[in-house]
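The values are calculated or read from the model by the stated rules, or taken from the named source; none is laboratory data. Source: prediction; values computed, not measured. Every residue, glycine as well, gets a Cβ built from its backbone with ideal geometry; the counts of neighbours run over all protein chains shown.
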Amino acid sequence: MELALEGITKRFGSLVANDGIDLVVAPGEVHCLLGENGAGKSTLMNVIYGLYRPDAGRILVDGRPLELTGPGDAMAAGIGMVHQHFMLVPVFTVAENVVLGHEPTKGPKGVGLLDLAGARRRVRELSDRYGLAVDPDALIEDLPVGVQQRVEILKALVRDAKVLILDEPTAVLTPQETDELIAIMRQLTAAGTSIVFITHKLREVRAIADRITVIRRGKVVGSADPSAPENELAALMVGRSVSLGVTKAPPKTGEVTVRVRDLVVRDHAGTRVVDGVDLDIARGEVLAVAGVQGNGQTELTEAIVGLQDAVTGSIRLGETELVGLRTREVLDAGVGFVPEDRTHDGLVGTFSIEENLVLDRHRAAPFAKGPALDRTALRANATQLIGDFDVRASGPEVAAGTLSGGNQQKVVLARELSRPLQLFIASQPTRGLDVGSIEFVHRRIVAERDAGTPVLIVSTELDEVLALADRIAVMYRGRVVGVVPADRHENLRDVLGLMMAGVPEAEAVAQAAAYPSEVEAAAADAGDDPVVTT
Amino acid sequence: MKSWLEDVRRSSWLVSLLAVVVAFVLGGVLIALTDPDTQAAMGYFFARPTDAVSAGWRAATEAYGAMLRGAIYDPQAATATRQIRPITETLTVATPLIAAGLGVALAFRVGLFNIGAQGQLILGVILAGWVGFRLHLPVGIHLLVAVLAAVIGGALWGGLVGVLRARTGAPEVITTIMLNYVALYLLAYLLTTGAFQREGASNPISPPIDDSAAFPLLLGDSFRLHLGFLVVLVAAAFVWWLLERSTVGFRWRAVGANPAAARTAGMSVSAAYVGVMVAAGALAGLAGAAQLLGTEKSLTGGIAGSIGPDAITVALLGRSRPLGVVLAGLLFGALRAGGVLMQAQTGTPIDIVLVVQSVIVLLIAAPPLVRSIFRLEPRKRRSTDSADGAAPTAERQGAAA
């Protein structure tokens, strides 16, 4: 079926999230919706899925206008959606999840016995037809993320979705899982299903898309051919030409001052979420920890800064043993920490920028005068840092929670980088940021490295890892699979992708050479340089 | 509960003001409906509705007029002293309410729901009472030691809650409520023991405290207003400084607003919980000192009255800010003081004061309710609170930037 949007406009107060958007999704095509965070992609999809009512414009299915009052209408019209965050019941089986909300019944009319056998049959049938390889009797909580995503796709297919919306589907996948997803998408489109694929990752777009529509600030700013070079797409997305890579000099590596030995972190259930990690970081180098979300990276950084309780092993910073120290003592020892969730852990949203800028340093001069806070010093500090870090805000007294993500991150960075550091840790430093802010944050991190500070980055975005790292440690299930210098392999991206799935380095190198990934191949076909130039 | 507290605290002054106005209007309607003249006129309401309306209006205005005279200034009284006594009564009654309200408000700001002002106050009066009637110290020192004893008693009782919360995670709502009972029955028990019961008395009452342990009266013997009122005002100023200007208060507010970020910035959430509960208890203890050493002079089982529960209302109405708490405490003091004269002169039961208080609580505890009654613009929520889910919120945030 053909899905068409005509002049869709959606406002939130004074903000126009979607401004007269026209879009046509042809049958059997993969239509990529490309745009930065905040461009209005998700709003648009929620309009199509019936979660928001548009203020103007209409949705046409095969030329007929469609009135949507809720997701139920959208599903009935053949529109399915896979959300970025899965909507699955972990303790239910695949079949139970798939039929949840429209359970098939059997037996006499009105008795309504649950027809689970039928559900299982249907799941198996669809799974076979599209090569999903999903076991209808498996419990969701036992399945890897990539398979859970396929269950979400199944949920849509069971309801005869003809248009499938995938919202940032690759954010949670390893590169290899992404390849599998692409294969599934091919099967679906071959059977006539259309797919709307939402993403901000240029690399994937070019591997999958039949057509690309770029959205910026709520408006369609253009469409592009998948063969268009990446920097052209990026420029369209951001509205100006951007440098996709980070320019950085070769590292001037000094002595190793950070030594992590046999670090074990247990969670509340006693599971070893970090399981015997050894790492060294030298002055003047960036060590990046790569891995799929939830493989112990977060706990590793939190253990270093004293935010985890059950920690054994050793973390030495110069002569200081950090294990057993309280967070305040770790920070005082010269560790700067940018937590992965800035709104939850990095900032007090209701506090002003100037207060947030001294959150960890308010006890010492010049900010404390005896028991009192020196408001003048706070103001001076804020004025200085707001200028230095280009924080866009109407003043230092503005509540940090009202800032955009990029500006919030700049406040956190400003606080952490404005004192002499012995170790700088940044977890997901650019998650959810716009391209301009990403450039800024990356430049600052590299500058800190060049100033001779050991830098530890944790990122689930391979692009970011490749852009920043001098060496890359890949974590899988709490262990370090291997540490790879950034210049060791030609096809580093493929090798890292395999290592992120637990494959040791040597084996990963062999496999990567034998089976180059689709995304990588698409990039090579187009004949331009990889995104990241170091 | 924390986000609800935040909403109450951050709602505008207008909401608090409107809550008070609505409560008085509803109270007035209730006075009118229960007035015998009005009820008689209601019998022929459809024949002559004006009778019922005017009778109701008269009843309500008379009652509130009496309340006003009883709370602020009574021009009908015989002597000048009696004319101005109402305002001093208001201040006297408000004194412990303000102190205990400050304690509750302080804990609110750190994200703790301190229901335990009552228990903390009782512990305070137990210690202060013992110092007041068992120790016989020189003038000046005796009062100081007695007040300190009250403050320490409250601080210990509050601190216990803080330690339980910090060490074991026991919710302070439960522990404070339970410790209120413990304190109440501890006092009841002590008043049956030789150390506390007045010699020769058969009812549970303590000996009167020494004059040297009492707060001096501010305006002479004709008025009950005592030095405790000024002490409490100083305490309010101190709480303001503590919250807004001190490094300790900075940490407490940070823990209250976002404990995760406070912890990540190296602050100790446990220390904040214990510290603020000690301070909150100390303030409730000070309220006890004002009650015992200023007005009651003897310990009885019911000395705490409803100060503890009222303190929660005062803190909420004052939006957990020291100045707000002082004003809310004065309002409640006026209601209490004025209610007495209202009942005496117009026969309107003093319970109407309770109704007014309760409606105020109801309305300020649900800011959206007042906003919808008066069709106020909903205040701008932080976008993270949006009910629309994370993804569209992020989009909006970015697009707004």
Looking at A:160, A:115, A:135, A:210 in this structure, which one is in contact (Cβ under 8 Å) with a residue 12 or more places away in the chain, at positive phi and surrounded by fewer than 19 Cβ atoms within 10 Å (Cβ to Cβ)? A:160
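Checking the condition of a type in the set (A, V, I, L, M, F, W, C), surrounded by fewer than 23 Cβ atoms within 10 Å (Cβ to Cβ) and in a strand (DSSP E or B), which residue from A:474, A:484 passes?
Values: A:474 fails: surrounded by fewer than 23 Cβ atoms within 10 Å (Cβ to Cβ).
Exactly one of A:474, A:484 is of a type in the set (A, V, I, L, M, F, W, C), surrounded by fewer than 23 Cβ atoms within 10 Å (Cβ to Cβ) and in a strand (DSSP E or B), namely A:484.
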Only one of (1) at pLDDT 95 or above; (2) hydrophobic (A, V, I, L, M, F, W, C); (3) under 30 Å from residue B:319 (Cβ atoms) fails for residue B:218. Which number is that? (1)
Which residues, counting only those in the range A:319-334, are more than 10 Å from chain B (Cβ to nearest Cβ) and not in a loop (DSSP other than H, G, I, E, B)? A:320, A:321
Give just the number: which of (1) modelled with pLDDT under 90; (2) within 12 Å of another protein chain (Cβ to nearest Cβ); (3) surrounded by fewer than 18 Cβ atoms within 10 Å (Cβ to Cβ) does residue A:372 not satisfy? (1)
Given the criteria surrounded by fewer than 22 Cβ atoms within 10 Å (Cβ to Cβ) and either within 25 Å of residue A:391 (Cα to Cα) or not small (Gly, Ala, Ser) (or both), does residue A:283 qualify? yes
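For the structure I just gave you, tell me whether residue B:294 is in a helix (DSSP H, G or I), touching a residue at least 60 places away in the same chain (Cβ under 8 Å), in contact with a Phe, Trp or Tyr (Cβ under 8 Å, 6 or more places away or on another chain) and among the small types (Gly, Ala, Ser).
When the stated conditions are applied, residue B:294 passes them.
Counting only residues that are facing chain A (nearest Cβ under 8 Å) and over 24 Å from the mean Cα position of the chain (by Cα), how many does the range B:251-265 have?
Of all residues in the range B:251-265, those facing chain A (nearest Cβ under 8 Å) come to B:251, B:253-254, B:257-258, B:260-265.
Those left that are additionally over 24 Å from the mean Cα position of the chain (by Cα): B:251, B:254, B:258, B:260-265.
The number of residues fulfilling the criteria is 9.
Only one residue in A:344, A:362 is within 13 Å of chain B (Cβ to nearest Cβ) and assigned to a loop (DSSP other than H, G, I, E, B). Which one? Spell out the reasoning first.
Numbers: A:344 fails: assigned to a loop (DSSP other than H, G, I, E, B).
Only one candidate qualifies: A:362.
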Filter the range A:382-400 down to residues that are surrounded by 21 or more Cβ atoms within 10 Å (Cβ to Cβ) and within 14 Å of another protein chain (Cβ to nearest Cβ) and give me whichever is nearest to residue B:246 (Cα to Cα). A:400
Test residue A:217 against the criterion of being over 16 Å from residue A:31 (Cα atoms) and surrounded by 16 or more Cβ atoms within 10 Å (Cβ to Cβ), and give yes or no. yes
Going through the range A:401-419 one residue at a time, which ones are facing chain B (nearest Cβ under 10 Å) and not in a helix (DSSP H, G or I)? A:403, A:404
May I ask you to say which residue of B:248, B:182, B:231 is in contact (Cβ under 8 Å) with a residue 24 or more places away in the chain, of a type in the set (A, V, I, L, M) and within 14 Å of another protein chain (Cβ to nearest Cβ)? B:248
Single residue of the range B:69-93 satisfying the filter (in contact with an Asp or Glu (Cβ under 9 Å, 6 or more places away or on another chain) and surrounded by fewer than 19 Cβ atoms within 10 Å (Cβ to Cβ)) that is farthest from residue B:303 (Cα to Cα): B:83
(1) closer than 30 Å to residue A:27 by Cβ; (2) within 14 Å of chain B (Cβ to nearest Cβ) all hold for residue A:303 apart from (1)
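Search the range A:20-62 for residues being among the charged types (D, E, K, R) and more than 10 Å from every other protein chain (Cβ to nearest Cβ), and hand back the single one that is farthest from residue A:237 (Cα to Cα). Quick ask: steps written out before the conclusion?
First, the residues of the range A:20-62 that are among the charged types (D, E, K, R): A:22, A:29, A:36, A:41, A:53, A:55, A:58, A:62.
Filter once more, keeping what is more than 10 Å from every other protein chain (Cβ to nearest Cβ): A:22, A:29, A:53, A:55, A:58, A:62.
Numbers: A:22: 17, A:29: 21, A:53: 26, A:55: 25, A:58: 25, A:62: 29 Å.
Out of the qualifying residues, it is A:62.
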Failed item in (1) away from chain B (no Cβ under 14 Å); (2) more than 17 Å from residue A:195 (Cα to Cα); (3) part of a strand (DSSP E or B), with residue A:68 passing the rest: (3)
